[in-house]
Every structure is written in C-alpha cells, then in structure tokens.
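Computed from the coordinates by the stated procedures, all read-outs in this text should not be read as laboratory data. Note that the coordinates shown come from a computational prediction; the quantities given were computed from them, not determined experimentally. A quick note on method: Cβ atoms are made from the backbone with ideal geometry, for glycine too, and the neighbour counts reach across all protein chains shown.
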Amino acid sequence: MEHSLDAEKKYNKWIVALSVVIPLAVAALFGVNLRKLGFDVQPLSFLPPIYAAINGVTAVLLVVAVQAIKYGNRILHERIIKTAIACSVSFLVMYVAYHMTSDSTPYGGEGFLRYLYFFILITHIALSVIIIPFVLVTYVRGITGSYERHRKIARITYPMWLYVAVTGVVVYVMISPYYKY
C-alpha cells in the first residue's frame, strides 16, 4: 500500500494543474470567436451532432466498463476507461473548436422546457468542471494499484461522469432544433 501511495503522489501536481488549466482554457477559448476576430475560417457547424454522439458513446463505455470490472475483467475495464477518457478529450477539443468558429446558438424553447434546459445545462457545465479531478484521481489510483482507494472514489466519479455524458446528449437534443446549419 505504501508503494501505491508514493506512486499516486507523483501524479498529484499533474492532477491539480490539469484540473485548473483545462476549465480555464476552455472558458478563455469559449469566448474567442476566430471569425469575429477577422480570421477567414469556416464555421464548424457540423461538429455538435458529432460531439453529442461522442458523449453518448462515453456514457455507454462507462456502463460497460463498470460491468467489465464487476465480472473481474480488469484489463478490459482499463482499456474501456482509457477509451472513455479519450472520448471526453475528443469531445472537449471539438466543443472548443466549434465555439471558436461559430456563433453560440440560443435556446429557443419556452415555459417549463426552458427551465428544464437551463437546469440540465447548468448542472452539466458545473459537473463537467468538477469531474476533471475526480476522473484523474480515480484513474491514477487504478493504474498505480491502489484498488481499494480506486473503488471508493470510483463510486463517486462514475455517476458524476455518467451524468455529464448523458446530459451532454440531452442538451444537444434540446438545442438542436435551434441550430442554423
């Protein structure tokens, strides 16, 4: 156990740095529209359904990863989690690229659906920031062999990450009628 904790500590600076830098970079880049700054770039308006689908794939991968570990298949579990992380990173890159080349789409729904949309959107955004250190810590505990500590935090990470992935799809479905293609 001592050895695993030492191995975990080696990653702590990276976890903290990425947990701060990623949300700050996304927030900063979200406000940059290359077209409005005079750059001759085409809007990447084709990306929202792709990155929404990637969120859906991430959700499925997370469910399958949990099933894999329940059946004792640690190698498959690890591979699926690595793929889910890659999907989340891909989503983030595409999301930022879309917003740097396209105007934001306002939600056009009214009444209860409008309140529901903004509730889902706000919780999705908030948890997408909060989930970063949870995913990183959970992953590090797994790869360093701190399996008991990994399981404890995974019980928190999994439902949060699953919520972020699923609500990413829901947000897209709710706003997609208002996109200008």
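Is there any pair linking a residue in region 163-177 that is under 15 Å from CYS87 (Cα atoms) to one that is polar (S, T, N, Q) and crowded, with 19+ Cβ neighbours inside 10 Å, with Cβ under 6 Å and at least six apart or on different chains, and which? As it stands, the answer is VAL164/SER128; ALA165/ASN55; ALA165/THR58; GLY168/ASN55; VAL169/ASN55, since those pairs meet every condition given.
For region 89-130, the tally of residues that are outside any helix (DSSP H, G or I) and on the phi > 0 side of the Ramachandran plot stands at 0.
Scanning region 78-104 for residues that are touching a residue at least 24 places away in the same chain (Cβ under 8 Å) and over 10 Å from the mean Cα position of the chain (by Cα) returns GLU78, ILE81, MET94, TYR95, VAL96, ALA97, TYR98, HIS99, MET100, THR101, SER102, ASP103.
If I filter region 92-137 down to residues being of a type outside the set (Ser, Thr, Tyr) and within 14 Å of TYR51 (Cβ to Cβ), which single residue comes out as surrounded by the fewest Cβ atoms within 10 Å (Cβ to Cβ)? Steps first, please.
So in region 92-137, the residues of a type outside the set (Ser, Thr, Tyr) come out as 92-94, 96-97, 99-100, 103, 106, 108-114, 116, 118-122, 124-127, 129-137.
Keeping just the survivors that are within 14 Å of TYR51 (Cβ to Cβ) gives 92-94, 96-97, 99-100, 124.
Working: LEU92: 17, VAL93: 12, MET94: 18, VAL96: 18, ALA97: 16, HIS99: 18, MET100: 20, HIS124: 19.
It comes out as VAL93.
Filtered by the rule that a residue be without any contact (Cβ under 8 Å) to a residue 60 or more places away in the chain and farther than 22 Å from PRO49 by Cα, region 59-76 gives VAL64, ALA65, GLN67, ALA68, ILE69, LYS70, TYR71, GLY72, ASN73, ARG74, ILE75, LEU76.
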